[in-house]
1. Between beta-carbons, use under 10 Å as the cut-off and find the net charge around ILE97, counting Lys and Arg +1, Asp and Glu -1.
2. Using a 7 Å offset from the Cα along the Cα-to-Cβ direction at both ALA101 and ARG82, what is the distance between the two label points in nm, to one decimal?
3. Top to bottom by accessible area (1.4 Å), largest first, where do ILE2, ILE97 land?
4. With the full set of protein chains in place, find how many percent of the accessible area of the stretch 82-135 is carbon and sulfur; take the probe as 1.4 Å.
5. Tally Lys and Arg at +1 and Asp and Glu at -1 over the other residues with C-beta under 14 Å from the C-beta of GLY67: what net charge comes out?
6. How far apart, in nanometres, would the label points at LEU5 and LYS66 be if each is projected 7 angstrom from Cα along the Cα-to-Cβ direction?
7. Counting alpha carbon pairs within less than 8 Å and at least 6 residues apart, what relative contact order, in whole percent, applies to the stretch 67-124?
Amino acid sequence: MIIGLVVLLLLCPCLGLAGWAVWQAADNADSPSVSLPETSAEPVPPRGDPLPPVEPTADADDDFAKGDCVVNDGTDDEAELRKVPCGPGTYEVLLRIPATADGDRCETLAPQATANYVHDNSVNLLDYVLCLKER
């Protein structure tokens, strides 16, 4: 029993520190603070053919923010949200909750929400919930 208590006392601060680090990383993901040193070297011209332009992927539309309006092109079980101009028959994003797949959080954080959308990624840090209000 004493060994279990010692292990628990050692794990709690470590888990708390790891949780804090993940939370800080999620908050700082939108505002990188890396500064590049100035150099006096001459730029090197690229060799070979230039890379082709990058085509947007389907995940590019997953960048929903507060105030966006969406429609569901899928079903209730397999939702496929698409941004549209706001109007009747659309859902307005009231809140985006990052790093969670718990849709019930909308009940407390956005009580005026009439629906929610859960994006459950294999990497939990990329999960998010959209709290939506039907217009």
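1. Working: positive: ARG96, ARG105; negative: ASP102, ASP127.
Net of charged neighbours comes to 0.
2. Output for this residue pair reads 2.6 nm.
3. Numbers: ILE2 135, ILE97 10 Å².
Most to least solvent-accessible, the answer reads ILE2, ILE97.
4. Reported share for carbon and sulfur atoms: 49 percent.
5. Summing Lys/Arg as +1 and Asp/Glu as -1 gives +2.
6. Simple spin-label model gives 4.6 nm for this pair.
7. Dividing the mean separation by the residue count of the stretch 67-124 yields 27 percent.
The values are calculated or read from the model by the stated rules, or taken from the named source; none is laboratory data. For clarity, every value in this text was computed on a predicted model and none was experimentally measured. Please note: Cβ atoms are built from the backbone with ideal geometry, for glycine as well, and neighbour counts cover all protein chains shown. These accessible areas exclude ligands, DNA and RNA; they are computed on the full protein's heavy atoms, side chains included. Shrake-Rupley method; radii C 1.70, N 1.55, O 1.52, S 1.80 Å.
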